[in-house]
Number of protein chains: 2
Amino acid sequence: MVDLYEAMSTLRAVRRLKPDPIPAEVLERVLQAAAWAPTGGNVQPFRIIAVQQPVLKAALQGWYHSEWHAYSKGHLAAMENMAEEPRLAMARMLKAGDYLAAHLDSTPVILVFCFNPDYMAITDSDLGRPSVVGGGSVYTAVQNVMLACRAEGLGCVLTTLLCLREPQVKALLGIPQGWYTCAHVPVGYPVLKGHGALRRRGLDKLVFSDVWGEGYVAGEVKLQS
Amino acid sequence: MVDLYEAMSTLRAVRRLKPDPIPAEVLERVLQAAAWAPTGGNVQPFRIIAVQQPVLKAALQGWYHSEWHAYSKGHLAAMENMAEEPRLAMARMLKAGDYLAAHLDSTPVILVFCFNPDYMAITDSDLGRPSVVGGGSVYTAVQNVMLACRAEGLGCVLTTLLCLREPQVKALLGIPQGWYTCAHVPVGYPVLKGHGALRRRGLDKLVFSDVWGEGYVAGEVKLQS
């Protein structure tokens, strides 16, 4: 089995997925990873719809394709002013995204994550800024699923563009009142090499010591004395 | 090192944490796990403040203590009508929560996760229901951190109650305009046995096949044909 840090440090967004079926026991291990995730009050206010029927995937693909091209248009415009390295990385991402948008329906399974805010203690709902706290009881499960995919040799990517079509997605999949969608994760075997090295900021860019702006230096975190 | 599924299947909310210091290289591995997490567009719109100064932890503990007892009061009342098993589980959780609320200041480090919604594509902001999608670019990192804690023998728990005191927390830690808080994760070595077996719903309660309500049966997920 895969070591935890190896899985985390090689979990890439894999957008080119083969139509090859996923054995039932493999998909079950991926889904079990979601069930293990922590949620507020251990309420588990999420459900996963494993969409495999071609007609349903085709509908999702149609909507995703429209939303993806509306989204990527903005990135294409922004790329012009970018430095070479991030511009090439962005171009690769967009090309892979175009592939996903064209082939979402031939992905063997799309995991549609649903949530119910009535079962969540959303502590940041009245702060006059976008709320995210409800996500603390669903994206832990999404991350577990993606790490499990990595362990199983499956590619996947966390997408949220289909939230823009939530009423249609709810009608298509029969999602009842009170439940909403928060992630759509296509899963399949990678067309290319799949997972591998990541491009991420260093800890010096992401972590502060004690107060904002106080630099964290690797290996020199101040310990309580 | 710890196997991925072993880490996931034994990651508990650990609320009784020792004041013993965490070696710098151990804390660094935990923080590195956050940096590896996927985020929308690979933007990494989160920052982590590793709070270790006693005066800062004492302020956080005071606010957390008030909010915890306001929160747990509701659970104490609800417990009366519960069946025995969930009632005992709830009682254990509340007792551990009381311990955390009383000892948060002696936890060696509190990881305060901050985020900036300007750097997020929040696709569910206009749906007339609580938004969660911004959480997709922060709780992936929080989950990685907690799994890394599990791997390192450290206890931790995802808390969000301090969002109720966000203006005070922002002032205390110097968090600038445009950045907000979404998780406060105390980390330390467990007082008791720490991680271990989980109490979670089965997949039959969490997963549907193709459409809502269509039962998922372990090992019998319909494959695309």
Electrostatic dipole magnitude of the protein assembly as shown [Cβ: Lys, Arg +1; Asp, Glu -1; Cα centre; debye, to 20]: 100 debye
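For peptide B:5-13, how many partner chain Cβ atoms fall within 10 Å of a residue's Cβ, on average? Before the final figure, lay out each step's value.
Values: counts 12, 2, 7, 13, 5, 1, 5, 2, 5.
Going residue by residue through B:5-13 and averaging, the value is 6.
Is the C-alpha gyration tensor of chain B telling us rounded, prolate or oblate? Criteria: a/c under 1.5 is rounded; beyond that, a/b larger than b/c is prolate, otherwise oblate.
It comes out rounded by the Cα gyration axes.
Once you charge only the Cβ atoms, +1 for Lys and Arg and -1 for Asp and Glu, what is the size of the charge dipole of chain A about its Cα centre, to the nearest 20 debye? Intermediate values should be presented prior to the final figure.
Working: 21 positive and 20 negative charges, 114 e Å.
Rounded to the nearest 20 debye, it is 540 debye.
Which value, in debye to the nearest 20, gives the size of the charge dipole of segment B:1-117 about its Cα centre, when Lys and Arg are +1 and Asp and Glu are -1 at the Cβ? Working shown, then result.
Details: 11 positive and 11 negative charges, 41 e Å.
Here the size comes out at about 200 debye.
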Dipole of segment B:76-168, positive end: most advanced residue of B:ALA148, B:GLY136, B:PHE113 [Cβ charges, Cα centre]: B:ALA148
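How would A:LEU88, A:LEU158, A:LEU147, A:LEU172 line up from fewest to most surrounding beta-carbon atoms within 10 angstrom? Don't skip to the answer; put the middle values down first.
Details: A:LEU88 12, A:LEU158 23, A:LEU147 27, A:LEU172 18.
Final ranking by Cβ density, sparse to dense: A:LEU88, A:LEU172, A:LEU158, A:LEU147.
Indicate the gyration tensor shape class of segment B:76-155 (rounded, prolate or oblate), computed on the Cα atoms with a ≥ b ≥ c the square roots of the eigenvalues: a/c under 1.5 is rounded; otherwise a/b larger than b/c is prolate and the rest oblate. Please list the in-between numbers first.
Values: a/c = 2.41, a/b = 1.34, b/c = 1.80.
Oblate is the answer for segment B:76-155, as a/c is 1.5 or above yet b/c matches or exceeds a/b.
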Given charges at Cβ of Lys, Arg, Asp, Glu: segment A:4-206 dipole, positive-most of A:PRO21, A:HIS65, A:GLY202: A:GLY202
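In the protein assembly as shown, what is the volume of the convex hull around the alpha carbon atoms, normalised per residue and reported in Å³?
Numbers: hull volume 61.6 nm³, N = 450.
Per residue, the Cα convex hull of the protein assembly as shown comes to 137 Å³.
What's the exposure ranking of B:PHE208, A:PHE113, going from fewest to most Cβ atoms within 10 Å?
Working: B:PHE208 21, A:PHE113 24.
Lowest to highest Cβ neighbour count: B:PHE208, A:PHE113.
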Coil-residue trypsin sites (Lys or Arg not before Pro) of segment A:115-194, DSSP, other Cβ within 10 Å capped at 15: A:LYS193
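Note the count of lysine pairs whose C-alpha atoms are less than 18 angstrom apart in segment B:4-200, limited to pairs 8 or more residues apart or on different chains. Please report the intermediate quantities before stating the final value.
Working: B:LYS18/B:LYS57; B:LYS18/B:LYS95; B:LYS18/B:LYS193; B:LYS57/B:LYS170; B:LYS73/B:LYS95; B:LYS95/B:LYS193.
Number of lysine pairs found: 6.
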At most 16 other Cβ within 10 Å, DSSP loop - GluC sites (Glu not before Pro), segment A:17-86: A:GLU80
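Using alpha-carbon pairs under 8 Å, 6+ residues apart, how would you state the relative contact order of segment A:4-206 in percent?
Details: 304 pairs, mean separation 81.9, N = 203.
Dividing the mean separation by the residue count of segment A:4-206 yields 40 percent.
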Those Cys residues of chain B for which no other cysteine Cβ falls under 4.7 Å: B:CYS114, B:CYS163, B:CYS182
Relative exposure of A:HIS184, B:HIS75, judged by other C-beta atoms within 10 Å (fewest first): B:HIS75, A:HIS184
Per-residue average of Cβ from other chains inside 10 Å of B:177-188: 2
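Provide a whole-number value for the mean count of partner chain Cβ atoms within 10 Å of the Cβ atoms in peptide A:117-123. It would help to have the intermediate numbers written out before the result.
Values: counts 4, 1, 0, 3, 5, 5, 12.
Mean inter-chain Cβ contacts per residue within 10 Å come to 4.
FYI, it's all coordinate maths here, none of it is from the lab. Please read these numbers as outputs of a predicted model, since none were measured by experiment. When we count neighbours, we look across all protein chains shown, and the Cβ atoms used for this are built from the backbone with ideal geometry, even at glycine.
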